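The values are calculated or read from the model by the stated rules, or taken from the named source; none is laboratory data. What you are looking at is a predicted structure, and each value in this text was computed from that prediction instead of being measured. All Cβ positions, glycine included, derive from the backbone under ideal geometry; neighbour counts span all protein chains shown. Protein only, heavy atoms only, side chains kept; ligands, DNA and RNA dropped before computing areas. Shrake-Rupley method; radii C 1.70, N 1.55, O 1.52, S 1.80 Å.
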Amino acid sequence: MVITESIQKAIQSAIAKCGSLLSFSRSVGVSHTTVAFWLNGRTRKINSTVWDNLHPLIREYLEQEAGESAYPSEPKTAGSPAFVLREKYAGRYGAVQSMSAPLLKLDDLKDFDPQIDSIEEIVRKQSKRVVSFTSPVQDGFFAVEVDKKRSGFFPAGTRLLLRGLDAPGDGDTVLVKLRNKKEYLFAVYTRKGEDVVLKPLQSDAEERCIPRADFHNVVCWIVPVREAVQVF
């Protein structure tokens, strides 16, 4: 079975109803990475055995061969496609959120400074493809891929879903770019009085306690990590 855009959208709707990409992939009997590849176009075909498991889960979101329309009150028009996205659950569950985010490499952000540049513009110019996650992707989210040079904690190839430039909260895992250094830090963010504490995830890095008044002299930008997915 060739994976059409309608099938990709139906899979996204089924994932939203199921609650997560991981739960949905288990229902199909495949890995979550396989489902992510269906959604981002890296895999273009599904074998018949897997399709037999997948089709019952997405059938309600696809046009039935018998000719049932996406909206029963609307007449089926001539030339309608064989499969279209069903939207009968839209009112019940709200709009289906995307599970894919534009992907950058960490080096695409090496010269980024939020006081000068717009992250939306950087993402628009530098992103060449999208990747899928188990978490819903909201406006302002984007993803970065960790390369082999920065594998002190996350293995090379790990893709991180980042919450745009949202302010981090206590206990958040964050990606930090230190000012005037080509250095990235993965850390747990906490507040201690007027100080910001960054506890590195890398075992060979020291904890940093930064006074609030000095924070922007030390940190160029800081982004909360929503999810990390390792690609094998």
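In a shell of Cβ-Cβ distance under 9 Å around C220, excluding C220 itself, what net charge do Lys and Arg (+1) and Asp and Glu (-1) give?
+2
Which percent of the accessible heavy-atom area of segment 118-232 goes to carbon and sulfur, probe 1.4 angstrom?
47 percent
Just how large is the dipole of segment 145-232 about the Cα centre, in debye to the nearest 20, putting +1 at every Lys and Arg Cβ and -1 at every Asp and Glu Cβ?
In debye, rounded to 20, segment 145-232 gives about 280.
Accessible area of segment 1-56 with a 1.4 Å probe: how many percent of it is carbon plus sulfur?
Ligands and nucleic acids excluded, carbon and sulfur reach 48 percent.
Using a probe radius of 1.4 Å on heavy atoms only, what accessible surface per residue do you get for segment 134-212? Whole Å² is fine.
Details: 4170 Å² over 79 residues.
Heavy-atom accessible area per residue stands at 53 Å².
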